[in-house]
Amino acid sequence: MALCRGLPRARNFDAAMRIIEQARQDLLGNGLLTVNSVGPIAGAAPGETIELQRVWSSRPDEYPVAGRKIKTLTNWTRQLILRSEVFVGEGADALASVFDDHRLIQSMGLNAVVNVPLVHADGRCFATFNVLGAGERWRAEDKLMIELLAEFARPHVTQRGRAL
């Protein structure tokens with residue numbers, strides 16, 4: 001598989017993510033992959049608001065790198081970022097309840113999401129690995145595949161964060 005052969009030879013973060021994205025396409029078909037770094041907002045109480053900054057996107061025309069979002073505490077941020085638990089959203093209602101840009105997501109033909117927290121050894125989420133797909137429901141093996149791809153990405157995202 002190109003993922004196992006190519007990833008150790010990736011020269012930089014972008015090259016590694018392109019290899020992971022190709023594997024995602026091969027395994028899951030049409031979709032979107034983004035990676036967001038997670039950080040606190042200067043001056044805000046810890047955990048009160050969270051800043052997400054996109055550091056990689058498979059579709060930069062719709063979701064450009066360096067895009068930023070400020071998130072308040074919601075069930076989604078508590079689950080994904082504060083508790084470092086995978087979030088699965090399936091169908092239009094689920095996407096609309098979580099994402100302000102759900103209309104853009106649906107206009108791209110995407111109907112379901114899996115957000116995987118990338119965590120430090122202490123369990124703290126430092127980034128999110130986000131996959132959206134065309135189907136309304138994820139199969140169990142698709143969710144597992146996304147989590148495995150996130151683990152392949154984690155060291156590259158970690159290293160990129162150290163380089164900043």
Self-check item: Some residue of the range 126-133 being hydroxyl-bearing (S, T, Y), part of a strand (DSSP E or B) and either touching a Ser or Thr at 6+ places or on another chain (Cβ under 6 Å) or surrounded by fewer than 21 Cβ atoms within 10 Å (Cβ to Cβ) (or both)
Solution: no
Quiz item: Just for the range 63-110: of the residues that are among the β-branched types (V, I, T) and in a loop (DSSP other than H, G, I, E, B), which one is surrounded by the most Cβ atoms within 10 Å (Cβ to Cβ)?
Solution: V86
Quiz prompt | Flag if L80 is in contact (Cβ under 8 Å) with a residue 12 or more places away in the chain, under 21 Å from L148 (Cβ atoms) and under 15 Å from the mean Cα position of the chain (by Cα) | solution = yes
Quiz item: Can you pull out the residues in the range 53-77 that are among the hydrophobic types (A, V, I, L, M, F, W, C), more than 24 Å from Q22 (Cα to Cα) and under 15 Å from the mean Cα position of the chain (by Cα)?
Solution: W76
Quiz item: When only residues in the range 19-41 that are among the small types (G, A, S) and surrounded by 15 or more Cβ atoms within 10 Å (Cβ to Cβ) count, which is farthest from T72 (Cα to Cα)?
Solution: A23
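Taken together, the values in this text are just the output of simple stated rules run on the coordinates, not laboratory data. None of the values given here were measured: they were computed from a predicted structure. For neighbour counting, all protein chains shown are included, and Cβ atoms are generated from backbone atoms with ideal geometry for every residue, glycine included.
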